[in-house]
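To start, the structure under review is shown below, and the notes come after it.
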Amino acid sequence: MTRPRSPYRLDLLSAVPAYNRKARKERAFERGQLVYYGPKPDYYGIGEVKRVLERYVAVDFRGTGSFGVHEDVFEPQYLIPIPKSKLSLL
């Protein structure tokens, strides 16, 4: 079985494990913000924040990663905002 290819250049995003200091940094996510799953960007792809629910963030990935996930809910330390410097490159 062949893994679907993402329309994004996920190789440009660095893997940031949840226990890493960069991932634990306190940040507020907002609706519409573009993010990725820190430990492995290619798993989920690039997603848009849909809702922030107390301790969780709901993200719509539109099936852009190798897992084909459309929407999932994460604790904030697993999500990394897309750097503005890389948006045009993706």
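The values are calculated or read from the model by the stated rules, or taken from the named source; none is laboratory data. Everything numeric here is computed off the predicted structure, so don't read it as measured data. Positions of Cβ are generated from backbone atoms using ideal geometry, with glycine treated the same way; all protein chains shown enter the neighbour counts.
Of the strands (runs of 3 or more DSSP E) lying entirely inside segment 27-90, those carrying at least 1 residues that are in contact with a helix residue (DSSP H, G or I) (Cβ under 6 Å, 6 or more places away or on another chain) and under 19 Å from Pro7 (Cα atoms) are 34-37.
Here is a check on your reading of the model: is Gly45 within 16 Å of Lys84 (Cα to Cα) and modelled with pLDDT of 90 or more? Don't jump to the end; show me each part of the working.
Values: within 16 Å of Lys84 (Cα to Cα): no; modelled with pLDDT of 90 or more: yes.
Against the criterion (within 16 Å of Lys84 (Cα to Cα) and modelled with pLDDT of 90 or more), Gly45 does not qualify.
Listed by first and then second residue, the pairs with beta-carbon distance under 6 Å, at least 6 apart or on different chains, first residue in segment 4-16 and assigned to a loop (DSSP other than H, G, I, E, B), second at pLDDT below 80 and surrounded by 13 or more Cβ atoms within 10 Å (Cβ to Cβ), are Tyr8/Leu90; Arg9/Leu90; Val16/Ala23.
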